[in-house]
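One structure is given below, encoded as structure tokens.
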Amino acid sequence: MAPNFASSTPTINAGLVAEAQNGALHRSFGRRGSSSTAALATCGSVSCYRMPGTVPIPSPGSGVAGFVFPTMNTWTEDPCIMLAGIEYELGSLTVSTNTFSAGSSMPTETIRGVSVQTAAAFCFAVCTVAVTATTPTLTITYTDQDGNTGNSCAPVLPTSPLIDTAFFLQPHLANGDTAMRAVTNMSISTGSAGTIRVFGLLPLTISHNTSSQMFASDMLGFFGPDYISTTSDKIAVYRVTSATASDFIGMYTGLPDPT
Amino acid sequence: MASLRSVNDYVARIGNGYFTEAHFSVEVDAATSSTVHSGQLFPIQKTPLVYKAPSLPSGVTGYRITNTSIHSSSQTTFMLARLFDMGSLDISTPSFTDGSAFPTVTEGNASNATYGICLMEVTTALSGTPGSFTVTYVDQDGNSSETTASTAFAASSAARTCAWVPLNAGDVGVRDITSATRTGGTTPTGVIKFWGVEPLSMFAVVTAGQYANRNHLMMNIAPPLLAANDELYILVFGSTSARNVHGTLFIVGDQA
């Protein structure tokens, strides 16, 4: 019987047993990505783009709690950093009515037998519907990494950012804050159309792509944090440091985590 | 289910002679085109077959790839993949011949219909005015068949040039291709093959002539399992150059 990855330090043999007993996941994924609106120093500084479409995780069967990912590789043809992770929608804002809708909180994960309330250092404000607004100030009230409520950040976005443009929020968190657990309110200073969602990521891989090469990052894999992913989880991929349209391609291997 | 469940099991299996080194040397002997269709941003090539798993010998229930090495005459990113024939489109008629869907496999003790990238390969070069195409597919979530937006073929796209099917918003893979067709063009000719892609590994040859290696046992923790007659190819991303690719698959025979 394979040991539970959440409760014990994973070993090569534990992974082999889990795969042999229950079967591993092997998937490719990919799609076309568009250009995005370049970031400003007032909204994350680095240009980011969220691949439209998330990668679903299949339902495990009896005796399996979910999957861990020892291998995940991503590639795109333009020089940039690729970030992939399990994504949680923390909240959303309808720009035309300046109406906030609450999302979920970052999850509690059991890692090496310890229950950990996670927080997202990789947190993004994403224009999931193209926004019409002139240099709007987006104010986000959040719960920080320590569980304190009521802090806020207020990035100033470029005019009318394109769909799926993502703005990195971590640089704009309140002094002393490093991550978000939850979003409790959002508002925008001006705007007539669009939707902005705040997503938090539990990172699975970070890779650096030059124009013709790929750095396959497994450093966040089997001997790193073990996020047990289940059916309700989805993997999102972000292009960071580039606003240029590009295609995405990727692959992952998922090991079943026994209950 | 397989029974090699530890590194020691693999070592013992090798010690008992249940292993092979499958060397391959393939060539994309002519430059390919940049694109197959107008929605494509970077070139993809497909090599000839690099390995076909033989019939299972006595005492072997499957083949585990524990290590892959690749050496190439030019630098770029490669993917070693098992490809599934999902069908073909002769654009002259046009007529679609259906193939198979992505397989149903046991993952996490559940029987799942899998999904992945669907590759379009030019197997007979496209003519000068090939027209446009649509593909009807079942997406990664198994939703009812949907049809892509009409996309223009690239004129005179050469054989072995590949792209992936331009999916609809929100989709990242396909489970099955149910039909495809061509519209427009002027006496269009050419054949497109659709391949389902199950990735086994990705490599970067960072300098021309350099060697890249992947230890699937230690890094993937789930060495890819092949059945008899499985076919492996190498996909090349981001380049149109003629090239050769050499390498070795180290394979251990699995046991019941």
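Results, tabulated for the structure shown:
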| quantity | calculated |
| --- | --- |
| Mean Cα-pair separation over length for segment A:133-193, i.e. relative contact order, pairs under 8 Å, 6 or more apart, % | 50 percent |
| FRET E, pair A:S192, A:V156, Förster distance 22 Å, beta-carbon r, rounded to 0.05 | 0.80 |
| Length added when fully stretched, A:S45-A:T178, from 0.36 nm per residue minus Cα-Cα | 46.2 nm |
| Normalised contact order of segment B:1-131, rounded percent, pairs of Cα under 8 Å and 6 or more residues apart | 14 percent |
| Within segment B:162-201: backbone nitrogen closer than 15 Å to the B:S145 label point (7 Å, Cα to C-beta) | B:175-182 |
| Between 0 and 90°, nearest 10: helix A:12-22 axis offset from chain A longest Cα axis | 90 degrees |
| Distance-filtered residues of segment B:159-190 - backbone nitrogen under 14 Å, label point 7 angstrom along B:S100 Cα→Cβ | B:176-177 |
| Per-q log10 I(q)/I(0), chain B, q = 0.08, 0.13, 0.16 Å⁻¹ (Debye; single scatterer per alpha-carbon; no solvent) | -0.34, -0.87, -1.20 |
| Of all accessible heavy-atom area on the protein assembly as shown, the percent that carbon and sulfur account for (1.4 Å) | 52 percent |
| Length-normalised contact order for chain B - Cα pairs under 8 Å, 6+ apart - percent | 42 percent |
| Cut-off under 5 Å, modelled amide H: who pairs with A:K234 long-range | A:E87 |
| Prolate/oblate/rounded call for the protein assembly as shown, Cα gyration tensor, a/c under 1.5 rounded | oblate |
| Within segment B:40-73, backbone nitrogen closer than 19 Å to the virtual label 7 Å beyond the Cα of B:A228 toward Cβ | B:51-65 |
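The values are calculated or read from the model by the stated rules, or taken from the named source; none is laboratory data. As the structure is a prediction and not an experimental result, all values here were calculated from the model. We place every Cβ from the backbone using ideal geometry, glycine too, and count neighbours over all the protein chains shown. We work out accessible area using only protein heavy atoms, side chains counted, and drop any ligands, DNA or RNA first. Shrake-Rupley method; radii C 1.70, N 1.55, O 1.52, S 1.80 Å.
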